[in-house]
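> Below you'll find the structure I mean.
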Amino acid sequence: MRRFIAGLLFLAGLSLPAAVPAQPAGPARSATADAEALRRTREGLGAAFLRGDVAGVMAYHHPDIRKALAYDRVVVGADAVAKDLAAGFAHARIEFIEDQIEDLVFNGDTAVQQARFAVRVTPRDGGMPTVFRGRSQVVWIRYAGSPSGWAALREMVQPMP
């Protein structure tokens, strides 16, 4: 059960298919604006997780999302991620209490982010909250379907032992 809950926590925040829709590049873009857009993305994801809002979380994910949530747990595609989220939200309230970017690199319409995180999981049946910590690496791409213009395409999670 602990592995299942830990895996659900990282359904938040990805090889790049050739047919990925992207917003057009333009001279007005800057690293500062891109970093601000990713900050808004992470805030939007955190708020959606806290609300238990599957559609809200999925709004920041590309349809071709692929998440390696543990060594033996890979979730492929938006439908599978949404299904796992729904199951997780039915079981627990999930709150990101730490989200510290360690490294963020932009390359055109792609960004790669490495971060440390902590997530508090409070069972809906009244059980005691548990805090899960770890590190993640997310590949973000420009995606017009996202509220912030960025969507997670690939994510890999390294839970803290």
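> Can you tell me the dipole magnitude for segment 75-115 around its Cα centre, using point charges on the Cβ only (Lys, Arg +1; Asp, Glu -1), in Debye to the nearest 20?
Dipole of segment 75-115, to the nearest 20 debye: 240 debye.
> Packing-wise, with mean Cβ within 10 Å as the measure, how do 117-124, 140-147 rank, highest first?
Answer by packing, highest mean first, reads 140-147, 117-124.
> If you plug each phi of segment 72-82 into the Karplus form 6.51 cos²θ - 1.76 cosθ + 1.60 with θ = phi - 60°, what whole-Hz ³J(HN,Hα) values come out, in order, with x for Gly and Pro?
Couplings: 10, 9, 10, 10, 10, x, 4, 4, 5, 5, 4 Hz.
> Treat each spin label as a single point 7 Å out from the Cα along the C-beta direction, and report the ALA47 to MET160 distance in nm.
Simple spin-label model gives 2.7 nm for this pair.
> Give the Kirkwood hydrodynamic radius (Å, one decimal) of segment 92-161, defined as one over the mean of 1/r across all pairs of different Cα atoms.
Mean inverse Cα-Cα distance, inverted, gives 13.5 Å.
> Here is a follow-up. Under the Kirkwood approximation for Rh and a Cα-based Rg, what ratio Rg/Rh is obtained for segment 38-152?
Across segment 38-152, the Cα-based Rg/Rh ratio is 0.95.
> Using only the C-alpha atoms of segment 74-123, find the volume of their convex hull and express it per residue in Å³.
Cα convex hull per residue, to the nearest whole number: 105 Å³.
Read-outs: derived from the displayed coordinates by stated rules, not from any lab. These figures come from a predicted structure and were not determined experimentally. Reconstructed Cβ throughout: ideal geometry from the backbone, glycine too, with neighbour counts over all protein chains shown.
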